[in-house]
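This report refers to the structure that appears directly beneath it.
The values are calculated or read from the model by the stated rules, or taken from the named source; none is laboratory data. Note that this is a predicted model, so its numbers are computed, not measured. Every residue, glycine as well, gets a Cβ built from its backbone with ideal geometry; the counts of neighbours run over all protein chains shown. Each accessible area value is taken on the protein alone, full model and side chains, heavy atoms only, with ligands, DNA and RNA left out. Shrake-Rupley method; radii C 1.70, N 1.55, O 1.52, S 1.80 Å.
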Amino acid sequence: HLRALSGGPVYVSDSPEVTNIEMLWPLMFRDGQLVRCDDVGVPTEDCLLVDAVQARVPLKVQNRAGHAGVLGVFAVSPGPESVTGALRPTDVRGLQGDSFAVWSHALRQGRCLQAKEDWPVRLPPTTSQVFVIVPIQNGFAPIGIVDKLVSPKTISFWRHRDDEVRLLLIEGGLFVAHAARTPRMVRVEGKSVPFTHDGGWLQVHVAGNEASVD
């Protein structure tokens, strides 16, 4: 998870015959290109003067992916006990907006939070989680293809016009977005496809790379 947040290259030292490719797919596209954040991953402000080992709180690392944020929380304290803390959209430096769609890769679910609203977390020892934080605009916030940890980088273009959202994806997979209302239709490459919309969260399996939400 720290590699995904770093914004830098990822090195694999295992020989090809023992490399676990399933661990690498969340970090890269099918052509081998890394799905990278825009900046350098750095600790959040509330972690700068706290020893996460001694205080038994999560170490939080933040980065940007376009207009979205990517936040990792890490349990670095030794011992068998879990660590508890919270994350909030303002943990990501420079993120603009008042309300945000926050997606947990670990839980495979999302929440809508105000800028300073907390999402409590509990981490078992030596574990970590990654969250994607996207500003909600006109009731819509695209998370991206959630098969990739830096999900917003799977979207090369999107726009909201009238009652339609059009997106261009780098590759297909499970697309997730927050949508305030249930779409009338979701089309991929011009063809209507099935989707789910539960609790304000839209999910659709995208086989192509051009999608529209009506």
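Across region 49-56, coupling constants 3J(HN,Hα) worked out from phi with the 6.51/-1.76/1.60 Karplus curve, θ = phi - 60°, read 10, 10, 7, 5, 6, 7, 7, 6 Hz, and Gly and Pro carry x. Applying the Karplus relation 6.51 cos²θ - 1.76 cosθ + 1.60 with θ = phi - 60° to region 127-136 yields 3J(HN,Hα) values of 10, 8, 9, 10, 10, 10, 10, 10, x, 8 Hz, where x marks Gly and Pro.
Spin-label model, ASP118 to THR182: label points 7 Å out along the Cα-to-beta-carbon direction sit 3.5 nm apart.
Cα-based values for region 64-161, radius of gyration first and Dmax second, are 14.0, 52 Å. Sequentially through region 86-102, phi angles give Karplus couplings (6.51, -1.76, 1.60; θ = phi - 60°) of 7, 10, 8, x, 5, 5, 8, 5, x, 6, 9, x, 9, 10, 9, 8, 10 Hz, Gly and Pro residues having no value and appearing as x. If you bin all the Cα-Cα distances of region 102-214 at 10 Å, starting from zero, the percentages per bin are 14, 47, 29, 8, 1. For ALA65, the residues whose amide H sits under 5 Å from its own are ASP38, VAL70, ignoring neighbours fewer than 5 places away on the same chain, with H placed 1.01 Å from N. Listed by chain and number, the aspartates and glutamates placed with their C-alpha closer than 18 angstrom to that of LYS116 are GLU45, ASP46, ASP91, ASP98; residues fewer than eight positions away on the same chain are left out. A full extension of the chain between ASP38 and THR127 corresponds to an added length of 29.6 nm, given 0.36 nm per residue minus the alpha carbon distance. Solvent-accessible surface of region 111-214, averaged per residue with a 1.4 angstrom probe and all protein chains in place: 48 square angstrom. Residues whose amide H comes within less than 5 Å of that of VAL42, counting only those at least five positions distant or on another chain, are GLN62 (H built at 1.01 Å from N in the peptide plane). Size descriptor for the chain, Kirkwood hydrodynamic radius: 17.9 Å (Cα pairs only, one decimal).
Just to check, using Stokes-Einstein with a Kirkwood Rh over alpha carbon pairs, what's the diffusion coefficient of region 132-177 at 10 °C and 1.306 mPa s in µm²/s? Here the translational diffusion coefficient equals 147 µm²/s. Taking a ≥ b ≥ c as the square roots of the eigenvalues of the Cα gyration tensor, region 1-80 is classed as oblate, since a/c reaches at least 1.5 and a/b does not exceed b/c.
Near TRP201, the amide H atoms lying under 5 Å from its own belong to ALA179; only residues 5 or more places off or on other chains count, and H is placed 1.01 Å from N. Between LEU174 and ALA86, take the C-beta separation as r, use R0 = 35 Å, and let me know the FRET efficiency to the nearest 0.05. Using R0 = 35 Å, I get an efficiency of 0.85. A simple spin-label model places pseudo-atoms 7 Å from Cα toward Cβ; at TYR11 and LEU49 they are separated by 3.5 nm. Each Cα pair under 8 Å and six or more residues apart adds its sequence gap; the mean of these over the residue count of the chain is a relative contact order of 16 percent. Within the accessible surface of the chain, defined with a 1.4 Å probe on protein heavy atoms only, the carbon and sulfur portion equals 52 percent.
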